[in-house]
Structures are given as C-alpha cells and as structure tokens.
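This report concerns only the one structure given below.
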C-alpha cells in the first residue's frame, strides 16, 4: 500500500509533489537509471524543454515495459543544466503526472554526462502486487 502525506508541521509543497510516500505490504519496486532527453535514434535536441519532455516520455516507456503507470511513481529527481522557466516546467510536469503527486527533488548542476545533455531524471516506482 502507498500512503501519500504532507505533514501539517512543515510547509505545503511548492510544486506538484508530495512530501512523503510510505510503502507497506507486498510490492514490486522499479528503479530507473537517469533518463535523458535522447530519442531512440540517439538524437538529443538542443532545447532543454524538449529534452525534459523526451526524458519524461522515456520514463513513461520504462513504466509501460514494467507494466506500471504514472501513478506508481514514488520519487523523481531532476538534474538540470542551466535555467528553465519554472512555470513552463510545472505545466509540463502537471501534464505528465496527470494529477499524481510523487516525492520530487530538483537540482541545478554544472554538467551532466555529455555537453549536449541538459536534463536527466531519476525515477522510482512501486506497484502493489
């Protein structure tokens, strides 16, 4: 069972996420390597917003392959190089999450694995058996 909570003794979430998710009982866990904005043909667009959308789509494809859904995501960690307009990022995330609120962390970093990569996302998911 997954129980989402926002404790009353800390600030409310400042974006589409929840502060904590407790998992109990028999579950299947999926841990993804960092997903980047690379298309299946190996191309990476220059635009970080396009990379964000592709990285999220790659997460969705990984979930599909594991017979999981967006609602099974428990944690997302975003690594961004350079600036990305916050409202645009939130809108993309709202579209992707479809009302689901996982735990999230956002980090701005100096660089990722290659100069062309501006976005990487770690994801964890849990599905009740």
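Any read-out appearing in this document is the output of simple, stated calculations on the displayed coordinates, not a laboratory observation. Quantities reported herein were computed from a predicted structural model and do not represent experimental measurements.
Remarks
- Computed over the chain, the per-residue total of -39500 (n - 2.57) for DSSP H runs of n ≥ 4 gives a 222 nm mean residue ellipticity of -7500 deg cm²/dmol, rounded to 500.
- Secondary structure note: in the chain, about 75% of the DSSP beta bridges are antiparallel.
- Extension gain, residue 129 to residue 98, is 8.9 nm, computed as 0.36 nm per intervening residue step minus the present C-alpha separation.
- Between residue 29 and residue 83, the contour length at 0.36 nm per residue exceeds the alpha carbon distance by 16.2 nm.
- Beta bridges assigned by DSSP with both partners in region 68-125 are antiparallel in approximately 50 percent of cases.
- Computed from Cα atoms, the angle from the helix 86-97 axis to the main principal axis of the chain rounds to 60 degrees.
- Each principal axis of region 2-128 carries a Cα extent, and these read 41, 34, 23 Å when sorted largest first.
- Distance from region 55-121 to region 2-54 (C-alpha centre basis), Å: 5 Å
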